[in-house]
């Protein structure tokens, strides 16, 4: 069988070759405009990674789990993400097609696994976008009330604030939908401006905070271990429910407990891979964008953590606004206000890039026939998947407007980690099935690095609540039903295989 044919003409595990995936991007009605550079990709990565994680999780992890050693937890989380990033970089440069983990799985493992990961990403990005929009709305309402004296009507303040509809979250997503329809380059320019503000705030924390660091706050750097009772309810991490594992706060093991928490400050770098098809030189620029953004954010996270835990003793840190409150504790309210404003501005790019990732995965699945092909038509002028973008933007806007998403937010985390596992597995499989394939970037030490990535991701998944696993299993079950009722029968790859038999 030639490498230009699918590896299996029928069945749930038929694969779509890299060559066919690339040819599909050349169909005029289904082609995206190539306009992004390595710099744009790096900005996208930094824009989506630096969000509420650094502004909130630092305080929670330091106060409850690791003390000043939270900086080491960020290093460990960065290493875990780095393992996954190496796998993403190989795939994104070798298969420069929209869809990220979905497309990579289709080329290596098969159609059903690709559908499952695509269905997973649809949930991950949709809920992620809505959760961030609701969080942004809360920050914005607080800023308007405190600084401008404007109070939103209670009914329009969202479910989490006792209202019935979150108007600000709804309008934000609609605005970002319009921007994404108008073109990727416009989105990149707006992202660059907002990211500049966000990084400036982070650098301000580091530089200004250095003047208020007290060495006594670093003692002890790794506080004495405090064993915790094992949990058995669905709200407890799965590893505790299954094995009776009792977590440890502080001490050496406390660093790894903190790692499972701060890891979620890194979520989003995989979204960069969804823009591979719209990159001018993906073979060169995708690895740079993915790995570059992850390295920059890890360095910033570690520096911020060291400064903030040096400014304020970890036992006194705030769990809601640790960066701002650290400056308040040393009598610097100006910096505290600037940090809050930076957090509000920064969440806009997180929301937009998650929505971007959602539309590109949906577009790729539609182009393959697993979802209605109607949604894979691109705009004749802007060359964006405008139909899918408008549909998803409106749906997610209503989800954010009417739903309290606190309980569902963990689904974003398990969805991301599941994608990491599948991509790492795909690298191993494609190395064996297509050793001849030209790879401009190669994940080093295969299969060691992918196996380590799978192990790290799975361990972090086990630390998520058992109830999150239950919800995830239900969503996956629904996805499998949809595949057999629609996707399998409408698959372009499946139809091509049938035509070849007659």
Convex hull volume per residue in cubic angstrom - Cα atoms of region 376-489: 186
- line: Taking Cα atoms, the helix 386-402 axis meets the longest principal axis of the chain at an angle in degrees (rounded to 10) of 40
- prompt: Using the alpha-carbon atoms, what tilt in degrees (0 to 90, nearest 10) does helix 167-181 show relative to the longest principal axis of the chain?
  reply: 40
- prompt: Using 1/(1 + (r/R0)^6) with R0 = 22 angstrom and r between the beta carbons of residue 29 and residue 437, what's the FRET efficiency to the nearest 0.05?
  reply: 0.20
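Using Cα pairs under 8 angstrom and six or more residues apart, how large is the relative contact order of region 110-207, in percent? Intermediate results must be reported in sequence, preceding the final value.
Numbers: 45 pairs, mean separation 14.9, N = 98.
Relative contact order comes out at 15 percent.
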query: Using the alpha-carbon atoms, what tilt in degrees (0 to 90, nearest 10) does helix 251-262 show relative to the longest principal axis of the chain?
result: 60
message: Looking at the calculated P(r) for region 324-371, what percent of the C-alpha pair distances fall above 14 Å?
response: 66
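For residue 164 and residue 341 in one chain, what is 0.36 nm times their gap in residues minus the Cα-Cα distance, to one decimal in nm? Walk me through the intermediate numbers first.
On the way: separation 177, 0.36 × 177 = 63.72 nm, distance 2.59 nm.
Value of the extension gain: 61.1 nm.
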message: Let me check against my output: what whole-number percent is the relative contact order of the chain, with C-alpha pairs under 8 Å and at least 6 apart?
response: 33
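Work out, step by step, the length gained on full extension between residue 490 and residue 219: first 0.36 nm times the residue separation, then minus their alpha carbon distance; give nm to one decimal.
Values: separation 271, 0.36 × 271 = 97.56 nm, distance 6.25 nm.
Stretched out fully, the residue 490 to residue 219 stretch lengthens by 91.3 nm.
Semi-axes, largest first, in whole Å: what does sqrt of 5 times each Cα gyration tensor eigenvalue give for region 316-399? If you can, show how the numbers build up before the last one.
Numbers: eigenvalues 352, 31, 16 Å².
Square roots of five times the eigenvalues give 42, 13, 9 Å.
Computed FRET efficiency, Cβ-Cβ of residue 330 and residue 190, R0 41 Å: what is it to the nearest 0.05?
Values: r = 34 Å, r/R0 = 0.83.
E(calc), rounded to 0.05, equals 0.75.
Counting only helical runs of four or more DSSP H residues, what would the 222 nm mean residue ellipticity of the chain come to if each run contributes -39,500 (n - 2.57) and the total is spread over all its residues?
On the way: 18 runs with 306 residues, N = 502.
Per the formula, -20500 deg cm²/dmol.
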task: Starting from the Cα gyration tensor of region 242-345, multiply each eigenvalue by 5, take the square root, and state the resulting semi-axes largest first in whole Å.
output: 31, 23, 11
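For region 192-310, just say rounded, prolate or oblate: build the C-alpha gyration tensor, square-root its eigenvalues into a ≥ b ≥ c, call rounded for a/c under 1.5, and beyond that prolate if a/b exceeds b/c, oblate if not. Intermediate values should be presented prior to the final figure.
Details: a/c = 3.10, a/b = 1.31, b/c = 2.36.
Here region 192-310 falls in the oblate category.
In nm², what is the average projected area of the convex hull enclosing the Cα atoms of the chain? Could the numbers behind the result be given before it?
Values: hull surface 92.5 nm².
Spelled out: convex hull of the Cα atoms, projected over all directions, averaged, 23.1 nm².
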query: Under 19 Å from a point 7 Å along the Cα-to-Cβ line of residue 315: which residues of region 46-90 have their amide N that close?
result: 59-70
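Taking R0 as 30 Å, what FRET efficiency do you get between residue 19 and residue 445 from their Cβ-Cβ distance, rounded to the nearest 0.05? Provide the component values of the computation, followed by the final result.
Working: r = 27 Å, r/R0 = 0.91.
The pair residue 19/residue 445 has a calculated efficiency of 0.65.
Every number here is computed from the coordinates shown, using simple stated rules; none is lab data. Just so we're clear, the structure is a prediction, and the values are computed from it rather than from any experiment. FYI the Cβ positions are ideal-geometry reconstructions off the backbone, even for glycines, and counts take in every protein chain you see.
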